[in-house]
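Below you'll find the structure, written out as structure tokens, and then a few comments.
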Amino acid sequence: MNESGSFDPELDRLVAEFRAEAQPLSDVIGQVNEIQGEAASAGGKVVVRVAPSGELLGLRIDRRAMRMGSEDLAEAIMDAARQAMMDAGRKTMQVAKPYLDLE
């Protein structure tokens, strides 16, 4: 038995190769988990921050936005959320692009 616990040198080589190839993917996943998309609407009165999954991480509504009608405010929130999700998607693609075969 060798130091990795296997009796098979070929298996040890394959395991080492797999680990070496899996590390970059693990790094990308870690980077993607840190990404946040952010966008503003209604002249900056509404700011939304989301995770790449679309999970809402933050919502800031300036007190000036309270003068807006409820439908306009709802539309501004939805618009900022859509833009923030697009921002998160762009950032995710930038991180993942070197590891994707897009040709």
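No lab work stands behind these numbers, since they all come straight from the coordinates. The structure displayed is predicted, hence computed values, not measured ones. Note that each Cβ is placed from the backbone with ideal geometry, even for glycine, and that neighbours are counted across all protein chains shown.
General observations
- At q = 0.18, 0.26 Å⁻¹, base-10 log of I(q)/I(0) for segment 9-97 (Debye sum, equal scatterers on each alpha carbon): -0.76, -1.13
- Full extension of the chain between E75 and A16 gives 16.0 nm of extra length, using 0.36 nm per residue less the Cα-Cα distance.
- Peptides 52-59, 78-85 ranked from most to least packed give 78-85, 52-59, packing being the mean of other C-beta atoms within 10 angstrom over each peptide's residues.
- Distant-in-sequence amide H partners of L57 (H built 1.01 Å from N, under 5 Å): R49, V50, A51
- Distance from the Cα centroid of segment 5-33 to that of segment 57-91 is 42 Å (rounded to whole angstrom).
- Magnitude of the charge dipole, segment 9-97, Cβ model with Lys/Arg +1 and Asp/Glu -1, debye to 20: 500 debye
- Cβ crowding within 10 Å averaged over residues, with 17-24, 68-75 ranked highest first: 68-75, 17-24
- Using only the C-alpha atoms, the convex hull of segment 62-103 corresponds to 64 Å³ per residue.
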